[in-house]
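Quick notes on the structure that follows.
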Amino acid sequence: MNKQSRLALDEWDYLSRHFGLREYGATHPVDSVRALDLLDVEMCSDYLDRLTLLLKSPSRMITASQFFKRYAALTAVPLLYAMTVYNKGLDLSADNCLLISSPGRSWLENVSLADIDAVMPSAGERHIWRNTVIQALFAGNIGKLIALMSRLANSPKSILWENVAVRVFSLYEKRIGVTGEQQEQSRADFQYLIHQAPGALFGEKQNPLSHFYGKPTFSSVSSPSRVRKTCCFYYEVSSVEEYCSSCPKLKH
């Protein structure tokens, strides 16, 4: 049986400072919205339209892409970091997440959790616990939002899932690392996520991260990077029409 726990003060402080994770407060900005509400067709449509205007995006499709780049950074990244580094599972299912947007500051400033309790694996059952943590995040939140926003915004699911995938790859390869003190668990979790985890954990028939993983190459700026398979259309909302360094539209 898994054990209830709480993040230590320094652990929560790290997740808050580096990944924007917050605890749900009694008051919050009026533009904030529950992730669960975005699973409603009308509310999700309204949110996409408001965000399209705010980003000065030319279409819902491009808006949805920018949303998932930010949303994955605020949900998947801190959860997977806590899972691998602290061995603690946070609840980032849709009904526990509030998307905080502060007028004049950020269209998606942070994600706040109503319940910040964590669950630790029992001895010998980490693989079962890990599946539960991953499934709540992806199948219970990100996967559902991707399915709906893809339909409402006419945005290919491949683009939205790759926006999530690149955050996961960067987390394990650049921030946590697969070498050093925590190399065994980090490498095991990363390999499981991208090669072994079944599609059901993501709310898909097949693992949606596997397709986007490949060996880093040298880009046009001569630094090793993994060139994306899809374009996220960031240049469409950038004030200087700037492309991502890993954009497939650049000449690598």
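The values are calculated or read from the model by the stated rules, or taken from the named source; none is laboratory data. The shown structure was predicted, so the numbers you read here are calculated from the model rather than taken from an experiment. Because the Cβ atoms are built from the backbone with ideal geometry, glycine has one as well, and the counts that use them run over all protein chains shown. Protein only, heavy atoms only, side chains kept; ligands, DNA and RNA dropped before computing areas. Shrake-Rupley method; radii C 1.70, N 1.55, O 1.52, S 1.80 Å.
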Of these, 122, 150, which one is under 24 Å from residue 249 (Cα atoms) and either at pLDDT 90 or above or among the small types (Gly, Ala, Ser) (or both)?
-> 150
Which numbered condition trips up residue 109, out of (1) open to solvent by 50 Å² or more (accessible area, probe 1.4 Å); (2) more than 22 Å from residue 202 (Cβ to Cβ); (3) in contact with a Gly (Cβ under 9 Å, 6 or more places away or on another chain)?
-> (1)
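For the subset of segment 201-243 comprising residues that are on the phi > 0 side of the Ramachandran plot and surrounded by 15 or more Cβ atoms within 10 Å (Cβ to Cβ), which member is modelled with the highest pLDDT? Explain how you work it out, then say what you get.
Step one: filter segment 201-243 for residues on the phi > 0 side of the Ramachandran plot, giving 203, 222, 233, 241.
Those still in the list that are surrounded by 15 or more Cβ atoms within 10 Å (Cβ to Cβ) too: 203, 233.
On the way: 203: 95, 233: 79.
The selected residue is 203.
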Members of segment 125-178 that are of a type in the set (Gly, Ala, Ser) and closer than 30 Å to residue 52 by Cβ | 136, 139, 140, 143, 147, 150, 153, 155, 158, 165, 170
Within segment 60-89, the residues that are closer than 20 Å to residue 203 by Cα, open to solvent by less than 10 Å² (accessible area, probe 1.4 Å) and among the hydrophobic types (A, V, I, L, M, F, W, C) are 64, 67, 68, 72, 74, 76, 79, 80, 83
Across segment 170-200, what is the total count of residues that are in a loop (DSSP other than H, G, I, E, B) and at pLDDT 95 or above?
-> 2
